[in-house]
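Undergrad: First, the structure itself, so that you have it in front of you.
The values are calculated or read from the model by the stated rules, or taken from the named source; none is laboratory data. Computed from a predicted structure; not experimentally measured. A quick note on method: Cβ atoms are made from the backbone with ideal geometry, for glycine too, and the neighbour counts reach across all protein chains shown. In case anyone asks, the SASA skips ligands and DNA or RNA and just uses the protein heavy atoms, side chains included. Shrake-Rupley method; radii C 1.70, N 1.55, O 1.52, S 1.80 Å.
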Amino acid sequence: MRSFEVKNRTSAEDIKALRLITAIKTPYLPDGRFDLEAYDDLVNMQIVNGAEGMIVGGTTGEGQLMSWDEHIMLIGHTVNCFGASIKVIGNTGSNSTREAIHATEQGFAVGMHAALHINPYYGKTSLEGLISHFDSVLSMGPTIIYNVPSRTGQDIPPRVIHTMAQSPNLAGVKECVGNDRVEHYTGNGIVVWSGNDDQCHDARWNHGATGVISVTSNLVPGMMRELMFGGKNPSLNTKLFPLIEWLFQEPNPIPLNTALAQLGVVRPVFRLPYVPLPQEKRAEFVNLVNQIGRENFVGEKDVQVLDDDDFILVDRY
């Protein structure tokens, strides 16, 4: 694949150095298509506030609601517009090995710097099947393996990761099981990003994690950068905790989508099956913004509660 050889000049070592990676939100127009103008503004805000990488089309970006054409288009768009300023990590994982291979080939062909791969979900496989699945995609380029049993229904145990670590293309693991698992890997020389915003401070400063792949940084990128770059800061961690708790009261990305709409940086459009948080929870967010300080959040408009009628729910997109 000549385009892969020419465009992708990033090594796994380059990816291993990233401390703040944002799992970026995908905003929509009222008809459910991507709102690329709002998306570009979101990405710019991440770059200005010090994020070093971003996951495109991940769970937070609603890759699960995208066609593969949409997926690859958004990865390519992000690379072409921002690839010189931030590392673009495309979520090209799938529960089908065939689809994961094809999407990863396309993602590297349009220039992504690394791939994010989840383990096969729902139709779960054996440990040997996990190894064969990851083996099939690791040869293509720098890769982060994503372990989130609460969504996939299957843990990726250390034996699988240690086997995959023999590949020079394994950049590391996004780990959601907890900080004991984080420390197990970092103690064995494997790079780890915390996948849990509520645990990422301790993961970084007490358990050896390189950084975090964050949802919260969509809202407060500067504060999350300080949390990952500025040394131990329990007071900042405590200050952010109510926001993080609010963000995960319902499955991600429901609260995040609601919050970004309230901040006026995206249109209040939801692709179903996601729907906004109820009004009382929206009012709680306004109070959180006022407590933490509006200046710490993305965007420049006043935060609003928004009425139920302000939201558009799209079932065909």
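Undergrad: What are the residue pairs meeting all of these: first residue in segment 215-240, first residue closer than 21 Å to R294 by Cβ, second residue outside any helix (DSSP H, G or I) and open to solvent by 20 Å² or more (accessible area, probe 1.4 Å), Cβ atoms under 7 Å, and 6 or more apart or on different chains?
TA: Short answer, once both residue conditions are applied: P221/N49; G222/N49; R225/N49; E226/N233; L227/N233.
One line per residue, one yes/no per condition, for (1) on the phi < 0 side of the Ramachandran plot; (2) in contact with a Pro (Cβ under 7 Å, 6 or more places away or on another chain):
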position	(1), (2)
G111	no, no
I118	yes, no
V137	yes, no
D155	yes, yes
T163	yes, no
A171	yes, yes
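Undergrad: Could you identify the single residue in N147, N188 that is open to solvent by 20 Å² or more (accessible area, probe 1.4 Å) and in contact with a helix residue (DSSP H, G or I) (Cβ under 9 Å, 6 or more places away or on another chain)?
TA: The unique qualifying residue is N188.
Undergrad: Considering segment 196-223 alone, what residues qualify as being closer than 17 Å to I15 by Cα, out of contact with any Phe, Trp or Tyr (no Cβ under 7 Å at 6 or more places or on another chain) and open to solvent by 10 Å² or more (accessible area, probe 1.4 Å)?
TA: R204, G208
Undergrad: Pairs only if they're at least six apart or on different chains, beta carbon under 6 angstrom, first in segment 265-287 and under 17 Å from G57 (Cβ atoms) and touching a residue at least 12 places away in the same chain (Cβ under 8 Å), second of a type in the set (A, V, I, L, M, F, W, C) and in a helix (DSSP H, G or I); list them, first residue then second.
TA: These pairs meet every condition: V266/A38; V266/L260; R271/L65; Y274/I254.
Undergrad: Another question, then. Check R159 against each of (1) more than 29 Å from F241 (Cα to Cα); (2) under 22 Å from the mean Cα position of the chain (by Cα) and name the one condition it does not meet.
TA: Only one criterion is unmet by R159, namely (2).
Undergrad: Can you tell me which residues in segment 267-289 are touching a strand residue (DSSP E or B) at 6+ places or on another chain (Cβ under 8 Å) and either more than 17 Å from P30 (Cα to Cα) or crowded, with 17+ Cβ neighbours inside 10 Å (or both)?
TA: Result: R267, P268, V269, F270, R271, P276.
Undergrad: Residue under question is Y28, and the condition is that it be among the aromatic types (F, W, Y), closer than 30 Å to Y122 by Cα and at pLDDT 95 or above; does it hold?
TA: yes
Undergrad: So, one more: Given (1) open to solvent by 10 Å² or more (accessible area, probe 1.4 Å); (2) farther than 16 Å from E13 by Cβ, where does S167 come up short, assuming only one miss?
TA: (2)
Undergrad: Tell me which residues, restricted to segment 104-113, are touching a residue at least 60 places away in the same chain (Cβ under 8 Å), crowded, with 21+ Cβ neighbours inside 10 Å and part of a helix (DSSP H, G or I).
TA: The one that is touching a residue at least 60 places away in the same chain (Cβ under 8 Å), crowded, with 21+ Cβ neighbours inside 10 Å and part of a helix (DSSP H, G or I): F108.
Undergrad: OK, next. Which condition from (1) open to solvent by less than 20 Å² (accessible area, probe 1.4 Å); (2) over 21 Å from H207 (Cα atoms); (3) in a helix (DSSP H, G or I) is the one that L116 breaks?
TA: Among (1) open to solvent by less than 20 Å² (accessible area, probe 1.4 Å); (2) over 21 Å from H207 (Cα atoms); (3) in a helix (DSSP H, G or I), the lone unmet condition for L116 is (3).
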